[in-house]
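Below is one structure, written out as structure tokens; comments come after it.
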């Protein structure tokens, strides 16, 4: 457990609902291809996975956006798919195509090859966290993360990315028994993993349900919310928890009812609608359209300011509504960050 | 203009807000890969585009679901990308990859190669409509369609499908002048095209904004609604118009304010929320989760019945919340259709 309180603890205070002098800001995928410095590290290695699995390098790229962009938090450089791999399904990251699994889980027999992950399976992540904390020297908080069980199930059944994840969805509809069994194993693995990240020093954890938007509200309630609840309850009282269910605009109220601190908002959801759905007792995180950073300086300042006003000055963590697009200029990202940092609510 | 009123005019009456004995039903992508009879026709040709461009064959596969599944409407077999092609950007349909354009529109010079489409550019579609009407013999209405201007712009700028359409989005943010110019040309082309479909006999037209969900509410209001308005106003008084903006859950009220009859609802939006947003004076179309058809007969009956109850008995056209998945069993599709047809609201 992290004993060290970071100098800049705006993110943690905003997550806990405390008043802050200004709105904290970071970006999903801030440690990544937008930075030439990241691309240089990446080019020195054999591929994306080597970077994820090499703690010194992962720590280096995790710290880059703190130094180069001035964000209020670092997020550990890793991949949500380390969990299926730790459960027994290795994957490759294929350039321009995305993740590819050799094996998938689609019937009973496929359970023979998987198991609930143990904390020690992912030692390289905790080591990267420890090295990052050393490098940060207490400047800003470090965010740990994991994929939500449903999003992980999507990859474990489909075996790759997909527009519709119809294989995953067929599995859930036709074998709800196996789907719940798999969700259970992923959930247990994720709890162990997030606890170990917290033990290593993560100050806050975020759970990414990247594919939430492909489910109907009824299925989201059946197959996702109970497992997110278990994760939130298991982490209760350790660090603040952020839930980000992209596209599940109907789920904000259900997410806010869980034992979490912050609900992520995608850029398709008006801030007012998100606030109405979650009520006053949760922090909201988001939600500038990532495409807004393609605009010029003046446009970025205006879009950012409009967003800050729409969320209001309390219980808000500024971010994009999704990961920053890789071809975004770092200068434009800085305009976004600086606008948040200099803005004061009237 | 079609003078012939179909025997089964449930769809048209429901669209116009008249009371109907029962809820009409059809499926997006009903003329397609779910039917072995479609696959047989498709296999006899060189590819998807030959099928689109051969009126006799397009008419044949358009009629198949009426005969084989018992739907209450046919929808002309075609492709939304015939419009960019008629505007001067030819495309190929690459197996398992989707559409691919050789040229795109990204700067001023690219406008040299495009023009507003003329009705006669797409004569094969109107011919397919006439042949379909002959084959249907007045049994059910025939739906014409087009892509919404924004969705067409996405393909014309990106040049292919994409998860984020970030090139299209960058174009809109960085060159709003050119984006509006292109939207204007697409809109004029679409109006000409839909009018010609109506002249050929289409009884209702649907405008598909398949990529609406990637825009922020503000951008949707700026770049989509005004052009959809122009289309609706141009068609005013001819046939009922359906607008389906997939993923734009925040846009239902804006769409309902246009001169349209029906608003399509995706499966992520609860029917009650859609009704609340559009008010009582528009028909809703949708929205069974396409994955629900992977279930067994009992599950399909329950899901369909639940959906029918949620929409209520008035101003509803039953459909899926998106196109039927290609690997869906036709028997399961029939269970869905038969459930709608035999259901009576209490």
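Readers should treat all values here as calculations from the given coordinates under stated rules, not as data from a laboratory. Keep in mind that this is a model prediction, so the values were computed, not measured. Positions of Cβ are generated from backbone atoms using ideal geometry, with glycine treated the same way; all protein chains shown enter the neighbour counts.
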Shortest-first nm distances, residue A:115 label point to equivalent points in other copies (7 Å, Cα→Cβ): 6.9
Could you work out the relative contact order of the range B:44-165? I mean the mean sequence separation of Cα pairs under 8 Å and 6+ apart, divided by the number of residues, in percent. 35 percent
Residue-averaged [θ]222 nm for chain A, counting only DSSP H segments that reach four residues, each worth -39500 (n - 2.57): -13500 deg cm²/dmol
Using alpha carbons only, how many angstrom separate the centre of the range B:119-140 from the centre of the range A:144-211? 48 Å
homo-copy label distances at residue B:161 (7 angstrom along Cα-Cβ), nm, one dp, ascending, are 1.3
Chain A to chain B by rotation: the residue of A with the beta carbon nearest the axis and the rounded distance in Å are A:249, 3
Any idea how far apart residue A:108 and residue A:160 come out in nm if each label point goes 7 Å out from Cα toward Cβ? 3.0 nm
Angle, helix A:123-136 long axis vs. longest principal axis of chain A, Cα atoms, 0 to 90°, nearest 10? 10 degrees
For the range A:207-346: relative contact order, % (alpha-carbon pairs under 8 angstrom, 6 or more apart): 20 percent
How high is the FRET efficiency between residue A:96 and residue B:4 when r is their beta carbon distance and R₀ equals 41 Å, given to the nearest 0.05? 0.20
Alpha carbon Rg of the range A:273-346, scaled by the compact-globule rule 2.2 N^0.38 Å: 1.10
Over the Cα atoms of the protein assembly as shown, compute the convex hull volume and normalise it per residue, giving Å³. 150 Å³
Just to verify a number: FRET efficiency for residue A:48 and residue B:309, C-beta to C-beta distance, R0 = 51 Å, to 0.05? 0.60
Using only the alpha-carbon atoms, how far is helix B:225-235 inclined from the longest principal axis of chain B? Give it as 0 to 90 degrees, nearest 10. 70 degrees
quick note, the range A:10-342, DSSP beta bridge pairs, % antiparallel (nearest 5) is 20 percent
Fraction of beta bridges assigned by DSSP in the protein assembly as shown that are antiparallel (%, nearest 5): 20 percent
Considering every pair of different Cα atoms, what Kirkwood radius, in Å, is found for the range B:251-301? 11.9 Å
Helix B:297-311 sits at what angle to the longest principal axis of chain B, using alpha carbons and giving 0 to 90 degrees rounded to 10? 70 degrees
What are the principal axis extents of the Cα atoms in the range A:215-313, in Å, biggest first? 44, 30, 21
If contacts are Cα pairs under 8 angstrom and at least 6 residues apart, what is the relative contact order of chain B in percent? 22 percent
For residue B:17, inter-copy label distances in nm, listed shortest first [label point 7 Å out on the Cα-Cβ vector]: 4.5
Taking every C-alpha to C-alpha distance in chain B and binning by 10 Å from 0, the per-bin percentages run 6, 26, 36, 25, 6, 0, 0
